[in-house]
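Throughout, read-outs are computed from the coordinates displayed, never taken from laboratory work. Note that this is a predicted model, so its numbers are computed, not measured. All Cβ positions, glycine included, derive from the backbone under ideal geometry; neighbour counts span all protein chains shown.
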Amino acid sequence: MTNHTMFLFLFGFLLSSTARAERAENILILDETAVRNLQLESTVVFLEPFERTQTVLGRVEVLPERQSVLSSRVPGRIVSILVSEGQRVESGQALALLEPQAAQSERPPLELKAPADGRVVRMNLRLGATVDPGEVLMEISDTSRLRVVLQLPESLTARIPDAAQVRVKVPGLSSDLPVASIERFADHLDSAKGWLDAFLTVENADGRLRPGMRVEGEVILDRREDVLSVPREAVRGDTARPVVFVKDFELPHAFLRSPVVLGSRNESRVEILSGLFEGDEVITRGSYALSFTGSGSGPSLKEALDAAHGHEHNEDGSEIEPGHSSTRDDHDHSDTSPRPHRPWLLGYAAGVTLLCLILGDLLRRARRTI
């Protein structure tokens, strides 16, 4: 066997022993009742786009060019009101009837017609009230498109890219609005409040949005493709030693505490630099409770593997070598033959052997150069 082949064999054996030891140490096996009580939920990890975002607050306003008012060009008295506040109207639709002051009794009242499509948002007239020319009688707004004004902190303005995209969220609505782009910024910073207004337009054909609503905007600062990330609620532990719980690939109700290295964060997800693989299924809901369940309420790793595979295993989950038993009572205590090495001892021996091979190879190369 060549040195290279021996190196690969020992290195693979060492990795296998280490993986088994880590699995035995970090696995958490529950019974079916515990899993139901914890109400666990999970998600599969994939490579997907990852956005770094910043949350800001804002409000919904009517676009100035979509606001209009109803008024009269002549003085008179309101004799009929044909619509109510909140009602949608169309351009040219009669909204009220006015009896001019100088009109003869046989002339019909004048129709006051809507100047544009929209919704009546405010009414300033009453039956029998006299009105003057130019007096605002109704306010009409077309809310099929609205303006969102975001309040950007001064520290954020220098980091926002041109035409930055924003994901608008409205508390109380079941779904987010489509991603929109910032169209322009205010000319000056509000020095008293320390923010700069940014403006964008959103569609509102279904009328879910109302002027005056408060919103949250996630400003997308940058976007990267093919990033491994998990929901924020999946990460547990402290800042120095974060972990996630991964469903075991073969045992039911078994979960592995997997230490991870974290990268960037956004409002909902955390980038995973190492510790997970694509296709792993991580626990989201219930991960907090799992971190306090101790060693678990289910069978041991050996018992679970015995049931899954139909044959016995060692306590660390490894396969039993032919001619050996996993229990001490299955052999004659008078037997003086050496007992099988523990996995960590085998790993240690493999590591020492590997080091000796490397040193021997370096010495041979040194002699050749002399």
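List the GluC sites (Glu not before Pro) in the range 92-200 that DSSP assigns to loop (not H, G, I, E or B) and whose Cβ has at most 16 other Cβ atoms within 10 Å. Which are they?
Passing both the DSSP loop test and the Cβ count: 106, 135, 183.
Between residue 281 and residue 201, what is the spin-label point distance in nm, taking each point 7 Å from the Cα along the Cα→C-beta axis?
Those two pseudo-labels are separated by 4.7 nm.
Among residues other than residue 145 whose Cβ falls under 10 Å from its Cβ, what is the net charge (Lys/Arg +1, Asp/Glu -1)? Walk me through the numbers before you get to the answer.
Details: positive: 66, 147; negative: 65, 142, 203.
Taking every Cβ under 10 Å from that of residue 145, the sum is -1.
At what distance in nm do the modelled label points of residue 176 and residue 111 sit from each other, each positioned 7 Å from its Cα along Cα→Cβ?
About 4.7 nm, to one decimal.
Okay, which of the range 116-156 sit inside 12 Å, backbone N to the point 7 Å along the Cα-Cβ direction of residue 73?
Backbone N within reach: 134.
Please give the length that would be gained between residue 240 and residue 190 if that part of the chain were fully extended, namely 0.36 nm times their separation in residues minus their C-alpha to C-alpha distance (nm, one decimal).
Taking residue 240 through residue 190 to full extension adds about 14.1 nm, to one decimal.
Which order do 191, 68 fall in if you start with the one that has the fewest other Cβ atoms within 10 Å?
If I rank by nearby Cβ atoms, fewest first, I get 191, 68.
Between residue 36 and residue 214, what is the label-point separation in nm under the 7 Å Cα-to-beta-carbon projection?
Output for this residue pair reads 4.2 nm.
Using Cα-Cα distances under 8 Å and only pairs 6 or more residues apart, what relative contact order does the range 227-277 have, in percent?
This gives 35 percent for the range 227-277.
Looking at 81, 171, 220, which one has the Cα that reaches farthest to the positive end of the dipole of the range 78-234 (charges on Cβ: Lys, Arg +1; Asp, Glu -1)?
Ranked along the dipole, the leading option is 171.
Name the chymotrypsin sites (Phe, Trp or Tyr not before Pro) in the range 191-260 that are in a loop by DSSP and that have at most 11 other C-beta atoms within 10 Å, would you? Display every interim value, and only then the final one.
Values: sites: 195, 199, 245, 249, 255; in loops: 249.
In loop regions of the range 191-260 (DSSP not H, G, I, E or B), the sparsely surrounded chymotrypsin sites (Phe, Trp or Tyr not before Pro) are 249.
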